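The next block holds one structure in the form of structure tokens; read it before the comments.
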Amino acid sequence: MKKLQPFAQSWRKLNITGKFTSAFIGLMLLLSGVALTGWVSLNFVRRETEAAIVTSLQMQRLVFQMNAALDRARRQERDFFEQWSSAGFLNARDDYAAEHGEQIQQVLRISDELQKLLASAKVSDALRQSNPDVIAYVEMVQNYASSFKEAVALVGELGMDRTGVLSQLEQKSDLLLDTLQLAGESELIALYSQMQASEKQYLLERETSARQGLYKAVEDLREAIVRSPGLDVSRQVSALEELKDYEAVVEQIVMLDVEIRSQVEGFDRQAAEVSDKLLSVVADEVERARSQIAKTSRAASWLLVAALLAAVILASAIAQEFVFALRQLEIEQAKSERLLLNILPETIADRLKQKPETIADNFTEVTILFADIVGFTKLSARVSPTELVNLLNEIFSEFDGLADRWNLEKIKTIGDAYMVVGGLPDPSDDHAASIAEMALDMQAAIAHFNEKYANSHDQPIDIRIGINTGAVVAGVIGQKKFIYDLWGDAVNTASRMESHGIPGSIQVSASTYELLQNDYIFEDRGVISVKGKGEMKTYLLVGRKVETPIGVA
């Protein structure tokens, strides 16, 4: 320990820069040793595992391609069974069944490539042993393709134009209708129509409940034919025979539906088996490669432990020296960042931090709002300064929350005046609607404030709001106590809309009215004389036509 005392004393005498430099040099030397050790170790691992990793990745790529092609074939299968009844059997077969066959051929081509890979000399014995699984996978795909072809044939038997079972059903139904019409009884025609409706429902849904409904409709019609006074014996026998033939065709359709459904369910089972087998082959090979990597890396890892441990100890010592200073620096930096963002928009603050200079951006269309508390001068004479400041703080803090809610940019407050703008520094299409929503919410906030302090103030507080839309220049100028501000005639006009407004009202210019007239209710105030502007047409914003205008979040 005594031998280390001179070193400790010399270390304490160093300033923070010297300590950091010395520690950094020592850490870099240690990390260089770690890097050299790691390089040697990794080369050892690479030589042992490169073949396994490369082959594993190639195999994964191939089996994933096979699985993707099989998934596409499954989509074509589902589309065929969903579309054949509406698009026609021949069209569905040409569109979907043909594409299904192409995807199956793609699966088989990829499987041939995979089997060639497994038969090559560069693969490991463990990987080569997975070849029978791939062969079994190919057999399942082939069986699946055969099952699909059988199902397509069944659908063709059911839905082939003019020769399919559905066409036979339509012919039997027409014959039965001809016979029933001879009776001239509305009940028979109504029951026939009910049977037709049940038939269409079953053909559309192919569900058990729909099939039972069709059977019941057939039975009801049979009973009506038996008791029909409008049919003589021969016509009654003919009608019953035709109904029996119709029912036989229905039974044939039901049997075909059951067989097709069985084939489809078989597809699902086979597809699940194929997918499981595919994932099993990939997972086994990845696990084998991982095991090989872990085995060859274990010895190399021990070589790194000592060097890494020393690096951690040295790094911890350096961290203890600087942790307090860094914490203080972070705290002060966070304070500065919060203060800067309270003064400037984030995008403007970022630009100033990157390149301090005068910022002046042109905006072709924004909407500016000025608000002023009516009778503030009289109020300041009645209450104490502290109470007055607290009152303004509560009101303006509520306004700040509304500005955040409607994604608007607060510019500044001057005494009892509040200024906010929409459409900058990030342009937006709904700036006028957002300002209108905030203006209405500001009126509601003042009303709530008066209700809250009804017993505290002799006279309720009122607010006067003015809004204008136009072009402005926005930016930051000067070197000290700078703020983000706006310049332009549109700003002056917005200020005049407020100062020439009516207490408790929201006065807007014609340019703002044009943007909002479809979504908001206005009163035409007419032409007023505006200082510095002359005669101007103005409007009073009264409320919303809808709950929330389109485009406002």
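I'd like the full set of residues that are acidic (Asp, Glu), over 60 Å from the mean Cα position of the chain (by Cα) and exposed (fewer than 13 other Cβ atoms within 10 Å of the Cβ), limited to region 220-241. ASP232 - this is the single residue of region 220-241 that is acidic (Asp, Glu), over 60 Å from the mean Cα position of the chain (by Cα) and exposed (fewer than 13 other Cβ atoms within 10 Å of the Cβ).
Filtered by the rule that a residue be part of a helix (DSSP H, G or I) and either over 50 Å from the mean Cα position of the chain (by Cα) or aromatic (Phe, Trp, Tyr) (or both), region 367-387 gives PHE376, THR377, LYS378, LEU379, SER380, ALA381, ARG382, PRO385. Scanning region 404-425 turns up one or more residues that are free of Cβ contacts under 8 Å to residues at least 24 places away in the same chain and out of contact with any helix residue (DSSP H, G or I) (no Cβ under 8 Å at 6 or more places or on another chain).
Looking at ALA447, is it outside any strand (DSSP E or B) and closer than 21 Å to PHE522 by Cα? Considered against the rule, which asks whether it is outside any strand (DSSP E or B) and closer than 21 Å to PHE522 by Cα, ALA447 comes out as yes.
So that you can scan it fast, the table gives a plain yes or no per residue for (1) polar (S, T, N, Q); (2) farther than 23 Å from GLY423 by Cβ:
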position	(1), (2)
PRO460	no, yes
ILE467	no, no
TRP487	no, no
SER495	yes, no
ILE502	no, yes
VAL508	no, no
TYR513	no, no
LYS537	no, no
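Put simply, of VAL491, VAL472 the only residue that is open to solvent by less than 80 Å² (accessible area, probe 1.4 Å), of a type in the set (A, V, I, L, M, F, W, C), part of a strand (DSSP E or B) and closer than 16 Å to GLY422 by Cβ is VAL472. The helices (runs of 4 or more DSSP H) located wholly in region 53-170 that include 2 or more residues which are at pLDDT 65 or above occupy 89-92, 98-119, 131-159. Among residues of region 94-109 that are under 12 Å from GLU77 (Cβ atoms), those with a Cβ under 6 angstrom from a residue that is assigned to a helix (DSSP H, G or I) and open to solvent by 30 Å² or more (accessible area, probe 1.4 Å), sequence gap 6+ or separate chain, pair up as TYR96/GLN76; TYR96/ASP79; GLU99/GLN76; HIS100/GLN76; GLN103/ARG72. When we screen ILE467, ILE477 for residues that are under 23 Å from PHE399 (Cβ atoms) and among the hydrophobic types (A, V, I, L, M, F, W, C), the only hit is ILE467.
The values are calculated or read from the model by the stated rules, or taken from the named source; none is laboratory data. Just so it is clear, the model here is predicted, and its values are computed rather than measured. Cβ: placed from backbone, ideal geometry, glycine included. Neighbour counts: every protein chain shown. Areas reflect the complete protein model, heavy atoms only, side chains present, ligands, DNA and RNA absent. Shrake-Rupley method; radii C 1.70, N 1.55, O 1.52, S 1.80 Å.
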